[in-house]
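**Student:** I am attaching a structure below and will ask some questions about it afterwards.
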Amino acid sequence: MFDTLSSRLDKVFTSLRGRGRLTDADIDATAREIRVALLEADVALPVVRGFVAAIRERARGAEVSTSLNPAQQVIKIVNEELVAILGGGTTTLRFAKTPPTVILLAGLQGTGKTTLAGKLGRWLRAQGHTPLLVAADLQRPNAVNQLQVVGQRAGVEVFAPEPGNGVGDPVRVARDALAHARRHVFDVVVVDTAGRLGVDEELMRQAADIRDAVSPDEILFVLDAMIGQDAVSTAQAFADGVGFTGVVLTKLDGDARGGAALSVARVTGAPIMFASTGETLDDFDVFHPERMASRILG
Ligand code: GDP
């Protein structure tokens, strides 16, 4: 496996103990190690560049403290900057003043949107809400059925198109679902939308049409943490095509170091709200920036 950033920096700083301040040469060497560590964690190159430049600035001004060795001190600076970019703390969902709150899920196919709908539904229920899941992914033949299975497991009702009524029209399904939620006093509506394997215009238009029909309070961009360097272009395409108010990272149980999190937070400025860490409904939590920062640092 890769060296952790701590062990990398320890090597750089073995000769440094006892000095009062980092020299330019120390900072250059440090910056190189941070750059390699972030690239190994799959942070996108432009994000790495900007980040390393910011760290250099801070490191240059930093006194080497007596309580921390220089490596620990740089790690502390890197960690603080990472946590700041990742949102500082947890970010909660914005609920509508007048229910139902509408949450739209968008992202590429296979990222875990349908699974997330179930997790979110269950989580919302545990918070005292009465959620309704909406099957507006009508592209994938099995998607409606999959959401129904997930909903049943989560103990959350699923709104799906009746055969012959709105089949093939996800905008209508979403609109009907909202009317259903109002009639039956569901206070949160989670709309699962179709994804493609790659970003395409039709997918974006469809998601944007659903957005316009139901005016969501939150649009969550669902991102597979394993996507690595492609995170930036994919997030940018969704930001331009549909727009989003928050990010959910999935598949964090895999061996990805999580650089995608940093890339997407930096490039879009949207908060990462939730983390999905497995296939079962329990593998889900609000996103904690400090945990992700430690993971990226290795
Ligand atoms: P969708 O196409 O975006 O709706 O994606 P799905 O919800 O169908 O998920 C695609 C696959 O990824 C399924 O096999 C899920 O069980 C799996 N999956 C979803 N979330 C996670 C996760 O956090 N970790 C792992 N390991 N697998 C996941």
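Read the figures in this text as sums done on the coordinates, not as results from a lab. Everything quoted here is computed from the prediction, not taken from an experiment. A quick note on method: Cβ atoms are made from the backbone with ideal geometry, for glycine too, and the neighbour counts reach across all protein chains shown.
**Student:** What is the helix-to-structure angle for 259-268, meaning the angle in degrees between its Cα long axis and the longest Cα principal axis of the chain, kept from 0 to 90 and rounded to the nearest 10?
**Tutor:** Helix 259-268 and the main axis of the chain meet at about 70 degrees.
**Student:** Pick from T130, T277, T23 the residue whose mean-square fluctuation is largest in a GNM of the chain, springs joining Cα atoms under 10 Å.
**Tutor:** T23
**Student:** Short version: ³J(HN,Hα) in whole Hz for each residue of the stretch 133-150, in order, from phi by Karplus 6.51 cos²θ - 1.76 cosθ + 1.60 (θ = phi - 60°), x for Gly and Pro, what are they?
**Tutor:** Once rounded to whole Hz, the list reads 9, 10, 8, 9, 9, 10, 7, 7, x, 9, 5, 5, 4, 4, 5, 5, 5, 4.
**Student:** In the stretch 67-160, which trypsin sites (Lys or Arg not before Pro) are in a loop and have at most 16 other Cβ atoms within 10 Å, using DSSP for the loop call?
**Tutor:** Passing sites in the stretch 67-160 are R94, K97.
**Student:** Report, in degrees rounded to the nearest 10, the 0 to 90 angle that the Cα long axis of helix 113-126 makes with the longest principal axis of the chain.
**Tutor:** Result, in degrees: 90.
**Student:** So if R0 is 41 Å, what FRET efficiency would A25 and D200 give, r being the distance between their Cβ atoms, rounded to the nearest 0.05?
**Tutor:** So the FRET efficiency works out to roughly 0.25.
**Student:** What distance in nm separates the two pseudo spin-label positions at D209 and T280, each 7 Å out from Cα along the beta-carbon direction?
**Tutor:** Result for the modelled spin labels: 4.0 nm.
**Student:** Taking the chain, how much of its Cα-Cα pair set, in percent, is spaced more than 35 angstrom apart?
**Tutor:** 27
**Student:** Lys and Arg at +1, Asp and Glu at -1: add these up for the other residues within a Cβ distance under 14 Å of R211 and post the number.
**Tutor:** Every neighbour counted, the sum reads -4.
**Student:** Taking the radius of gyration and the Kirkwood hydrodynamic radius from Cα positions alone, what is the Rg/Rh ratio for the stretch 156-262, to two decimal places?
**Tutor:** That ratio is 1.01, to two decimals.
**Student:** Indicate, rounded to the nearest 5 percent, the antiparallel portion of the DSSP beta bridges found entirely in the chain.
**Tutor:** Just about 15 percent of them are antiparallel.
**Student:** On a 0 to 90 degree scale, rounded to 10, what angle separates helix 24-40 from the longest Cα axis of the chain?
**Tutor:** 30
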